[in-house]
Amino acid sequence: MLEAVQPHNDMAIREIQMLFVVALFLTLVVGDFASTFFYHVPQHLWFTLHLRTHHDRRRSYFDHAVLSKDPAVLLDGFLGAIPYLAAAAFAARISLPGAIAGLIFGQLHVWWRHTTDLGWRTPAWLCRILRALGIVLPEDHDGHHRNPDIEFGDIFRFYDAPARALLARLAPTSRRARNAGRRSAKEAPARA
C-alpha cells in the first residue's frame with residue numbers, strides 16, 4: 001500500500017513545484033510588461049515624476065533606487081511596483097509562495113541593476129547567460145540612465161524594442177512635442 005501512495009505524492013510535489021515556477025514567472029513577466037507599458041513609457045512621454053527622480057544626473061542613481069527617503073523617489077518606485085503587485089495578486093491564485101518569490105526576485109533585480117554606480121561590472125560568463133535569457137543587466141540599465149530614450153524594460157530586455165516603437169509612435173503627443181510647439185509659437189512672432 002505504501003508503494004501505491006508514493007507515486008501520487010511525487011506527482012503532487014512536482015505539480016506544486018511547477019505551479020510555484022509558473023506563478024514566479026507570471027509575476028515577473030506580466031509585472032514587467034505592465035510596468036513598462038503602463039507606467040514607464042507614459043512617464044517618459046507625458047509626465048515628469050520618473051524623469052525628475054530616476055534620471056536626475058546630479059545624484060547617484062543607486063541612491064535614488066535603493067537608499068533614498070525622498071517622498072517623490074519613493075512614490076516613483078511605488079507607482080512602478082504597482083503592476084508587479086497586481087500581477088502577483090493574480091499569480092497568487094496559482095501559487096502564493098511563487099508570487100511572493102517573484103516579488104522578491106523583482107526587488108533584488110531593482111537593487112542589482114543599479115550597482116554600476118558602485119563600480120559593479122557583470123562577469124562575461126554571467127553576461128552571456130543572462131543575455132541569452134533576455135535579462136536586463138546593470139550595464140543595460142546604466143545605459144538607460146545615461147540616455148532615457150533607450151533600454152526599456154525593468155527585468156526583461158525583450159520589452160525594449162516594443163517600448164521604443166510605442167514611444168516613437170506616440171512622440172507627437174508627448175510633453176516634449178507640446179513644449180517644442182509652444183516654444184516655436186512664441187518664437188514665430190519674434191522672427192516676423
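The values are calculated or read from the model by the stated rules, or taken from the named source; none is laboratory data. This structure is a prediction, so every number in the text was calculated from the model and none was measured. Cβ: placed from backbone, ideal geometry, glycine included. Neighbour counts: every protein chain shown.
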* Would you be able to say whether some residue in region 43-52 is exposed (fewer than 14 other Cβ atoms within 10 Å of the Cβ), within 27 Å of ARG175 (Cβ to Cβ), of a type in the set (D, E, K, R) and out of contact with any Gly (no Cβ under 6 Å at 6 or more places or on another chain)? => yes
* **Pair list, Cβ < 7 Å and 6+ apart or interchain, from region 150-176 residues that are closer than 17 Å to ALA34 by Cβ to residues that are of a type in the set (Phe, Trp, Tyr) and modelled with pLDDT under 95** => TYR159/PHE152; ASP160/PHE152; ALA163/PHE152
* Is region 77-84 home to any residue that is over 12 Å from the mean Cα position of the chain (by Cα) and in contact (Cβ under 8 Å) with a residue 12 or more places away in the chain? -> no
* To do: Check off (1) at pLDDT 75 or above; (2) assigned to a helix (DSSP H, G or I); (3) more than 27 Å from ALA99 (Cβ to Cβ) for PHE62 and give me the number that stays unchecked.
  => (1)
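Taking region 65-76, which residues are buried (at least 19 other Cβ atoms within 10 Å of the Cβ) and without any contact (Cβ under 8 Å) to a residue 24 or more places away in the chain?
Here is the first cut: in region 65-76, the ones buried (at least 19 other Cβ atoms within 10 Å of the Cβ) are 65, 73, 76.
Passing the criteria: only VAL73.
Would you mention how many residues in region 9-42 are aromatic (Phe, Trp, Tyr) and in contact with a Gly (Cβ under 8 Å, 6 or more places away or on another chain)?
Matching residues across region 9-42 total 3.
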* Which listed residue, of LEU103, LEU85, LEU130, is in contact with a helix residue (DSSP H, G or I) (Cβ under 7 Å, 6 or more places away or on another chain), surrounded by 14 or more Cβ atoms within 10 Å (Cβ to Cβ) and part of a helix (DSSP H, G or I) -> LEU103
* Which of (1) in contact with a helix residue (DSSP H, G or I) (Cβ under 6 Å, 6 or more places away or on another chain); (2) in a helix (DSSP H, G or I) does ILE94 not meet, given it meets every other one? -> (2)
* Test ASP160 against the stated conditions and say whether it is farther than 18 Å from PHE47 by Cα, assigned to a helix (DSSP H, G or I) and over 14 Å from the mean Cα position of the chain (by Cα). => no
* To do: Answer yes if at least one residue in region 168-181 is touching a helix residue (DSSP H, G or I) at 6+ places or on another chain (Cβ under 8 Å), crowded, with 17+ Cβ neighbours inside 10 Å and not in a helix (DSSP H, G or I), and no otherwise.
  => no
